[in-house]
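Undergrad: Okay, handing you the structure first.
Coordinate-derived values only; no laboratory data. All of these numbers come straight from a predicted model, not from anything done at the bench. Backbone-built Cβ (ideal geometry, glycine too); neighbour counts: all protein chains shown.
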Amino acid sequence: MLRWNDITIAPCPPEGARKSKIISGYMNYKNIKTPPYIVELAKDLRHNMTMSEEKLWSVLRMKQTGGYKFRCQHPLYRYILDFYCHEKRLAIEIDGKIHDSQKEYDRYRDEFLMSIGIETLRITVEDVLNNIEIVKEMIRIKLTDSKS
């Protein structure tokens, strides 16, 4: 079983990303290849979700949030998005204590995702566990406000 500590994820753009054609103001993300080990790691993470991921997934799955479909542990290039709505191009990330020490990495990752037209909504573990109704409302607002 793969673990995050077993691999190194380089926070760098894909080869030629800065030179790729612009489509609707964003880089063409369809040309971005996801390495097989990231796909495998995402599968493993789907089967070993944290308590906060399970709680949020119970709210997002089966189009319970305004009829929008979300994917859980969605692999994209060298990243795994906690939750992703393709229709609205919205990633939802649950931030635990580890994110306090990797702010620069998260900022770069969010910039990369934005460069391919994906907006990131960051939610703390504490909010998911203790304020799920507020979190649901935040997501609902983001889904109705975001571009499709």
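Undergrad: Among Q64, I98, L113, flag the residue with its Cα farthest along the positive direction of the charge dipole of the range 46-148, charges on Cβ as +1 for Lys/Arg and -1 for Asp/Glu.
TA: Of the listed residues, the answer is Q64.
Undergrad: So what is the relative contact order for the range 46-148, in percent, with contacts set as C-alpha pairs under 8 Å and at least six apart? The partial results should precede the final answer.
TA: Working: 117 pairs, mean separation 25.3, N = 103.
For the range 46-148, the relative contact order is 25 percent.
Undergrad: Output needed for the range 46-148: three equivalent-ellipsoid semi-axes, defined as square roots of 5 times the C-alpha gyration tensor eigenvalues, in descending order, whole Å. Can you show the working numbers first?
TA: Numbers: eigenvalues 70, 61, 34 Å².
Equivalent ellipsoid of the range 46-148: 19, 17, 13 Å, largest first.
Undergrad: Next question. If neighbour count is taken as other Cβ atoms inside 10 Å, put H47, H74, H86 in order from fewest to most. Don't skip to the answer; put the middle values down first.
TA: Details: H47 8, H74 18, H86 12.
Going from sparsest to densest Cβ surroundings: H47, H86, H74.
Undergrad: To continue, here is another question. Return the FRET efficiency for the residue pair E104, M62: r is the Cβ-Cβ distance, R0 is 35 Å, and the value is rounded to the nearest 0.05.
TA: On the way: r = 36 Å, r/R0 = 1.03.
Using R0 = 35 Å, I get an efficiency of 0.45.
Undergrad: Further question on the same structure: Under a point-charge model restricted to the Cβ atoms of Lys and Arg (+1) and Asp and Glu (-1), what is the dipole moment magnitude of the range 46-148 relative to its Cα centre, in debye to the nearest 20? Spell out each step's value before the answer.
TA: Details: 18 positive and 17 negative charges, 100 e Å.
Magnitude of the dipole: close to 480 debye.
Undergrad: Using a Cα distance threshold of under 12 Å, what count of lysine pairs results for the range 46-148 when pairs must be 8 or more residues apart or interchain? Can you show the working numbers first?
TA: Working: K55/K136; K69/K88; K88/K142; K88/K147.
Lysine pairs meeting the criterion: 4.
Undergrad: Under the 0.36 nm per residue contour assumption, what length would be gained going from the current alpha-carbon distance of M114 and D145 to full extension?
TA: 9.6 nm
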